[in-house]
Amino acid sequence: MDAAPFIHALQAASFSPFMGVPCSVFTPLIDRLGAAPEGEHFICTSEGEAMGLAGGFALAGRLPVVYMQNDGFGNAVNPLTSLQLLYRLPALLLISWRGEPGLKDAPQHRVMGSALRGLLEQLQVPYRVLEDGRAALAEALAKAREHCRATGTPFAFVIRRGYFAAGEKAGAAHAEELCQRLAYIELLAGMAAPEDILLGATGFSGRELQQYTGHRGRFYMMGSMGCLPALGLGLARSRPRRSVFVLDGDGALLMKLGSLATIGHYRPTNFVHILFDNQAYESTGGQPSLASGTDFCAVARACGYPTQEKVTTPAEFQDLLSTLADRAKPLFIHVRVRCGTPAGLPRPEQPPEQMRDDLMSFLA
Ligand SMILES: Cc1ncc(C[n+]2csc(CCOP(=O)(O)OP(=O)(O)O)c2C)c(N)n1
């Protein structure tokens, strides 16, 4: 299905505006929505937030559309149950079906891939798995509209990988003077002590850490977007004599920005939080994140991190790493990078249980 007629069909059925958090399944749709008039499309920092925003539009009489990856459906369940279903506020949910049973996909989608339909049924949210073509869409939209009008509650479209035809990708604005993330990750892995713990977030920082460094104490948290700083805090508190490096992405940090307050409150003295800020959700197709308007160092400072540093070149990063022992911690390092990762960056072959076992035996 092309994104443009899809959007027109939804709008013609009175569904708008659009809001959500990217999934690569929606890349053509979100690219197309990038040209939507002001106020008709909102990129959000979490799926729960998108549901709140949808609630506001529904109160104003609109029929909002919320797109999300099924991995993010969990974030949406809280407002879905105690906002949309409680107050009877309609919305059309577009939920990607990663990890569809029987199809090959990344391991983090396995559980939600098989649970999704049962969860929707449990929550009494009716849904359609969208079949290809305009007729199927028109029929599903008629059902969705009828349901929203009759009950005032949400209806979901479950959307398979490949549903949207690839469209023309607007060239990402390249900040050529900036380096890519991998240059920094390689520097860090080369300079870290053998006993240090290096943690990589969902998105490309984790994949690059896993794929291109051989540091024994590395761990790629492939799902649970935004939860890595908290996981790092747990490890830092449990292994106070080792340094813990958290390699975060701007999208992931914005999704759970509250973790800055948690780290700032508990002040682990062996914690280094490195944010690779490319101002994009790069690993889901390069959609813009909301990072460009956020001063992360100021937020970290306000949340209680005693030291924050801004870095824009590998040389500055190297200098900083060589004086790490003298810096008060938790230390926050904001690294402004440009999008880009080696062509064909593979997904790790190790299953998640293997990554767990490797880290646990390293820590033992
Ligand atoms: C809760 C949740 N919502 C959405 C996703 C889909 N997703 C995977 S990676 C990613 C982008 C992460 O962006 P960022 O942290 O900036 O890292 P980058 O992709 O730029 O490396 C998204 C949206 C997800 N995995 N989990």
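Quick notes
- Sole residue being closer than 20 Å to Phe271 by Cα, surrounded by 10 or more Cβ atoms within 10 Å (Cβ to Cβ) and out of contact with any Phe, Trp or Tyr (no Cβ under 8 Å at 6 or more places or on another chain), chosen from Asp326, Asp319: Asp319
- Hey, Tyr163 over 30 Å from Ser82 (Cα atoms), touching a residue at least 60 places away in the same chain (Cβ under 8 Å) and in contact with a helix residue (DSSP H, G or I) (Cβ under 6 Å, 6 or more places away or on another chain) or not: no
- Count - residues of the range 240-253 that are more than 16 Å from the ligand (Cβ to nearest atom) and in contact with a helix residue (DSSP H, G or I) (Cβ under 6 Å, 6 or more places away or on another chain): 1
- Residue list for the range 319-340, filter: away from the ligand (no atom under 16 Å from the Cβ) and either under 18 Å from Tyr212 (Cα atoms) or assigned to a strand (DSSP E or B) (or both): Leu331
- Residue that is nearest to the ligand (Cβ to nearest atom) [pool: residues in the range 107-134 that are in contact (Cβ under 8 Å) with a residue 60 or more places away in the chain and exposed (fewer than 15 other Cβ atoms within 10 Å of the Cβ)]: Asp132
Residues checked against (1) free of Cβ contacts under 8 Å to residues at least 40 places away in the same chain; (2) in a loop (DSSP other than H, G, I, E, B):
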| site | (1), (2) |
| --- | --- |
| Gly223 | no, yes |
| Leu260 | no, no |
| His265 | yes, no |
| Val272 | no, no |
| Leu275 | no, no |
| Ala298 | yes, no |
| Arg301 | yes, no |
| Gln308 | yes, no |
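- When we screen Arg207, Arg216, Arg237 for residues that are within 15 Å of Leu359 (Cβ to Cβ) and surrounded by fewer than 23 Cβ atoms within 10 Å (Cβ to Cβ), the only hit is Arg216.
- Being surrounded by fewer than 18 Cβ atoms within 10 Å (Cβ to Cβ) and within 16 Å of the ligand (Cβ to nearest atom) is a description that applies to Ala343.
- Inspection of the range 250-265 identifies at least one residue that is among the β-branched types (Val, Ile, Thr) and either under 30 Å from Ala165 (Cβ atoms) or buried (at least 23 other Cβ atoms within 10 Å of the Cβ) (or both).
- Of the residues making up the range 225-258, those that are under 22 Å from Leu187 (Cα atoms), in a helix (DSSP H, G or I) and over 12 Å from the mean Cα position of the chain (by Cα) are Pro229, Gly232, Ala236.
- Qualifying position, being modelled with pLDDT under 95 and more than 24 Å from Ala364 (Cβ to Cβ), among Glu177, Glu208, Glu186: Glu177
- Complete set of residues in the range 173-213 that are over 23 Å from the mean Cα position of the chain (by Cα) and among the hydrophobic types (A, V, I, L, M, F, W, C): Leu187, Leu188, Ala189, Met191, Ala192, Ala193
- Among the residues of the range 196-221, those identified as more than 12 Å from the ligand (Cβ to nearest atom), outside any loop (DSSP other than H, G, I, E, B) and not hydroxyl-bearing (Ser, Thr, Tyr) are Ile197, Leu198, Leu199, Gln210, Gln211, Arg218, Phe219.
- Single residue of Leu231, Leu199, Leu247 found to be surrounded by fewer than 23 Cβ atoms within 10 Å (Cβ to Cβ), outside the structural domain of Asn70 (by TED's automatic domain parsing) and under 17 Å from Phe271 (Cβ atoms): Leu231
The values are calculated or read from the model by the stated rules, or taken from the named source; none is laboratory data. Keep in mind it's a predicted model, so treat the numbers as computed, not measured. As a convention, Cβ positions derive from the backbone with ideal geometry for all residues, glycine included, and neighbour counts pool all protein chains shown.
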